[in-house]
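Working notes for the structure below.
The values are calculated or read from the model by the stated rules, or taken from the named source; none is laboratory data. This structure is a prediction, so every number in the text was calculated from the model and none was measured. So basically every Cβ, Gly included, is an ideal-geometry build from the backbone, and we count neighbours across all protein chains shown. Heads up: the accessible areas ignore ligands, DNA and RNA and are worked out on the full protein's heavy atoms, side chains in. Shrake-Rupley method; radii C 1.70, N 1.55, O 1.52, S 1.80 Å.
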Amino acid sequence: MSSQHYKWIGTRPNRPDGADKVTGRARFGADFNMPGQLVGKVLRSPHAHARIKSIDTSKAEALHGVKAVVTAKDFPEQPNQIVPAGEMQANLRDVTRNVMAREKALYDGHAVAAVAATTSEIASEALALIKVDYEVLPHVIDVDDAMKDGAPILHDHLRTDGLTPPSDKPTNIAKRLEFVKGDIAAGLAKADVVIEREYKTAAVHQGYIEPHATLASATEDGQVQVWSTTQGHFQVRGFCSRLLNIETSQIRVTATEIGGGFGGKTVVYLEPVAIRLSQKSGKPVKMVMERSEVFRASGPTSGGTLRVKIGATRDGRIVAADTTIALQSGAFPGSPVGPACMCSFACYDIDNIKVIGFDVVSNRPKVAAYRAPGAPIAAWAVESTIDLVAEALRMDPIDLRLKNAARKGTKTHYGPTFNTIGMVETLEAAKNSPHYKTPVKPGHARGVAAGFWFNVGADSSAAAHVGEDGTVTVISGNPDIGGSRASLALMAAETLGVDYDKVRPVIADTSSIGFNFVTGGSRVTFATGLAVVNAVRDMIENLKGRAAKIWEVEPDAVIWENGYAKPASSNVGKFEPLSLAQLAAQAGKTGGPINGHAQLNAQGAGPGFGVHIVDLSVDRDTGIVTVERYTAAQDVGTAIHPSYVEGQLQGGVAQGVGWALNEEYIYDAKGRLQNAGFLDYRMPVASDLPMIETVLVEVPNPSHPYGVRGVGEVPIVPPMAAIGNAIARATEVRMLDLPMSPPRLSAALDAMAPKRAAE
Amino acid sequence: MADIRYSAPSTIDEAVRLFAASGGAKILAGGTDLLVQMRSGAVSPGHIIDVKRIAEMTSIAEQNGSFRIGAAASAAVIGEHAALRKVWPGVVEAINLIGSKQVQGRASAGGNLCNASPAADSVPAMVAAGATVTLQGPGGRRELPVEQLASGPGRTTLAPGEIAVAITLPARPKGSGDAYLRLIPRTEMDIAVVGCGVSLTIANGACTTARVSLGAVAPTVLLVDGAAKALIGSKLDEAALEAAAAACRAVCKPIDDKRGTIAYRTKIAGVLLKRATAIAAERARSH
Ligand SMILES: Cc1cc2nc3c(=O)[nH]c(=O)nc-3n(C[C@H](O)[C@H](O)[C@H](O)COP(=O)(O)OP(=O)(O)OC[C@H]3O[C@@H](n4cnc5c(N)ncnc54)[C@H](O)[C@@H]3O)c2cc1C
């Protein structure tokens, strides 16, 4: 392990926020209150697609206890302009319409009006008094249907971007993408084996336990304060500023503790509405979604239709890889089809690749980011097909992947050439894992799949302050979702040479630290970690200057080692080292408070690779799959806090198992969501999963002082295909559609039964 | 929302009097269905009558081999009753499948029955066991076979003001066993796609009595006489099991919904019959 020469990095201390979280003291989104606050609630469309002819709010406004009502009229029109939103893009014209429906309601659950009232009961009563005159329109749910000629059109102005020649036909296909490397036809001509299949995946929700919640307070002088459960309070500030024409400096957003986000809390739903209601009523307004609202109106990730064709030579070299990926974006353009296309074959060094993608709108909630957006969908299809190739060639699935693995110098089909990466090391670690070396038990079957995610860098700011007793506060601006406070404190302690418990990490609000991009893209430990390390280094320079002043030597005659200022050499003179505490005690005499700052746009995020192994059994009579053993191996750069890295891997697998086996958005014929609750939207519970074993492979990222790579997203990429591949080996039934739920698998097994009997 | 009146009487007579006197009242046992329904707005009672303080309704009594389970006794208390567990393992395991540890501390068999969900887990097991429910209303007490309590999803044959007091499981001969199995896509915290209860007696290698019940395949929990007939008199051989499974499939009138297809539910009814019968027979042979 690369961490052996570190004192703090690679250790597993308690997280700074741990005690508060296990004792219930931590305050999440719905735990913030202000005197005199009102309750805000949203009226939602019961129709999948309907023109809003008029909205009459007069009765609601007249109800005693109602203090404000808003509709789309209360939000200014926005330009057709794209801004970054976490790992995805957002068009402001569409964002304002998603926050509050304008001309049309575009999905079951789409917000059409909101009220603020003195009690929750009055707010509910007021919603029932709002009269919306809808003209119900034909709707379309499925991507394949939405792409057909004659499909109901969601947006009259939409034209397919990326067509040559451009088309002027109204369409639901927002975008066509193409990535080409080499010559696909020439590659296929060389292949001894060609496998082609079509796959489908269902829309799945991030399933964070904490529903969206916000408290907003707008005052008469134009200032606005917001408390919100979000992955990016700067993002909330930015969106609210644009959507409501308020200067950013007037908006102060505090990120509360967060009960999961997984990408889904990088956009705004309630915040602009709560601010507008607060501005209109003059009172603070609190809004908390019900679980059904979370499912109906906050972003799931796309379902899609994919075709994959892979050709390989007899010796296991993949010579051609071709895929077409069409993803649901929900009611507005902007599915993760781009990353899906780019990640599709990124694990492999293949000469001839062709990838085509389509971004397709339909009458579903607008998708939001979900861990490695798009990559798991592509991996389901690609990794299933690679398994078919391995079967056709009678090759071990890990050996086949080793033979084709991407490595340093591999040029991807989407452009970049890989620097130091760990795909080969991860495959080897999986192959050498205790799990893979154990023979498959009778009645079980084994599946393998790999996955890739870029990981992200981007903007971060950090500050470090020394207190008068020499203890340290490290300030950053990213909500802590996965244990980042602990990782940041470990890196600060390592850099400064002080104990972990002398460093207190704090997450500042938007007015108390410079800009930070969202907690997303597995970027915080990498990019904000870099900012923290740089802020501490800046502080160390300052500390060296203070020692130089005391010793009356030049600053560069002082070095910093293990928490002490020391003379650089014996030539400097004979001075006793000065500790951080000693320097802090004399700060007033040497130049005042000792602080450090850093801001950066982090480049060089190291991509991550994962290889998963699953053993499972299939109950042939019922189609129920039991996951018996699971191992996730991943190139994690350097595991700063190994427990939280393992936790990321285990969490990704748990969500992937749900995606594989049970989770799906189910619509009725009228386009209404049928399973907007955890009873019928089946995420795995603890008893559904075995202990998930992890293998941390440390291939340090050369672009980070401690070798950090993002780790939070890769682990959700391989599970679906790993499970499908194991099911295929257990039953000889190759499932092409997700989820592989008991009724579906049972039907596929029954369809196969006569064939088996005949053989 | 109007204010809700709450009463916690200590006798059944008082509970019945209160219940009969107020129109929009609801009985509260564990509340694990009622509170969820109130939160979702499905029901909004003006008066809640908590029956958990009534000793007769929360205790378990054994008399000459039969068991009388208070309708409001919690699943956790039932699960810890060693004698009951020994004689009616299928009924107890069905009740103990309800929800999670936390839910078990509150949920009752009476609530499961009176909530009248076709997917209620304890009900097929109690129907197979030949259980009766004692009801008390303004007009006095009466006994009803458990399968006659529900008349449709969420609907019961309870008369106005009537409360379920206790559930009685009959005494049974040596060589008897019961079992309950449900199919859920997850391993817990889920609702039965199909549930199947089987209770039978074996003498000299042959099945002498049997009762079979199915949940979640029709608007109410079903007593499947055809399946029982196929088992009685047989040695529980493959042919008898297949005939009983076929009888189960034949009575299914399920719906296609988010929880399963008609074809799947129908098929699973037969699968669970065979598996539950095997467990019940195993238990019968070792008793
Ligand atoms: C998280 C969760 C998981 C669950 N899992 C399961 C499961 O796996 N299987 C399952 O079957 N159910 C499940 N349930 C549903 C519920 O827990 C059961 O139906 C339980 O048995 C209800 O019992 P209770 O005592 O809580 O009933 P209550 O909620 O108190 O009452 C239910 C209904 O019956 C009426 N009632 C109650 N007692 C009487 C009485 N003595 N006389 C007349 N009317 C009465 C009430 O007025 C109400 O209408 C679950 C519920 C939750 C919240």
Taking B:P145, is it closer than 22 Å to B:Y264 by Cβ, more than 12 Å from the ligand (Cβ to nearest atom) and not hydrophobic (A, V, I, L, M, F, W, C)? no
With the requirement that a residue be more than 7 Å from the ligand (Cβ to nearest atom) and within 19 Å of the chain's Cα centre (by Cα), what does segment B:63-74 give you? B:S66, B:F67, B:R68, B:I69, B:G70, B:A73, B:S74
Residue set B:A246, B:A206, B:A216, B:A250; condition in contact with a strand residue (DSSP E or B) (Cβ under 9 Å, 6 or more places away or on another chain) and in contact (Cβ under 8 Å) with a residue 12 or more places away in the chain; output residue B:A216
Being assigned to a loop (DSSP other than H, G, I, E, B), crowded, with 23+ Cβ neighbours inside 10 Å and within 10 Å of chain A (Cβ to nearest Cβ) is the filter here; which residues of segment B:234-272 pass it? B:R259
Would you please name the residue that is farthest from B:V51 (Cα to Cα), looking only at residues in segment B:113-142 that are within 7 Å of the ligand (Cβ to nearest atom) and outside any loop (DSSP other than H, G, I, E, B)? B:S122
Tally time: how many residues in segment B:176-201 are within 14 Å of chain A (Cβ to nearest Cβ) and touching a helix residue (DSSP H, G or I) at 6+ places or on another chain (Cβ under 7 Å)? 10
In segment A:739-759, the residues that are within 14 Å of chain B (Cβ to nearest Cβ) and part of a loop (DSSP other than H, G, I, E, B): A:P739, A:M740, A:S741
Residue, farthest from the chain's Cα centre (by Cα), within segment B:30-49, restricted to residues that are polar (S, T, N, Q) and within 9 Å of the ligand (Cβ to nearest atom): B:Q37
Sort out which residues of segment A:123-145 are touching a residue at least 60 places away in the same chain (Cβ under 8 Å), out of contact with any helix residue (DSSP H, G or I) (no Cβ under 8 Å at 6 or more places or on another chain) and within 14 Å of chain B (Cβ to nearest Cβ), and write them in order of number. A:A123, A:S124, A:E125
Sole residue being open to solvent by 10 Å² or more (accessible area, probe 1.4 Å), within 29 Å of A:T160 (Cα to Cα) and within 20 Å of the chain's Cα centre (by Cα), chosen from A:S335, A:S329: A:S335
Residue check for B:A83: open to solvent by less than 50 Å² (accessible area, probe 1.4 Å) and either near the ligand (Cβ under 7 Å from one of its atoms) or touching an Asp or Glu at 6+ places or on another chain (Cβ under 8 Å) (or both): yes
So A:G447 passes all but one of these: (1) touching a helix residue (DSSP H, G or I) at 6+ places or on another chain (Cβ under 8 Å); (2) without any contact (Cβ under 8 Å) to a residue 60 or more places away in the chain. Which condition number does it fail? (2)
All positions within segment B:97-112 that are open to solvent by 40 Å² or more (accessible area, probe 1.4 Å) and more than 7 Å from the ligand (Cβ to nearest atom): B:K101, B:Q102, B:G105
Are any residues in segment B:157-193 within 12 Å of the ligand (Cβ to nearest atom) and touching a Cys at 6+ places or on another chain (Cβ under 6 Å), and if so, which ones? B:A164
Does A:A728 fit the bill of being part of a helix (DSSP H, G or I) and touching a residue at least 24 places away in the same chain (Cβ under 8 Å)? yes
Which one of these is surrounded by fewer than 23 Cβ atoms within 10 Å (Cβ to Cβ), modelled with pLDDT under 95 and out of contact with any Cys (no Cβ under 8 Å at 6 or more places or on another chain): A:L736, A:L679? A:L679
Every listed condition ((1) assigned by TED's automatic domain parsing to the domain that holds A:A60; (2) open to solvent by 10 Å² or more (accessible area, probe 1.4 Å); (3) touching a residue at least 40 places away in the same chain (Cβ under 8 Å)) holds for A:A101 save (2)
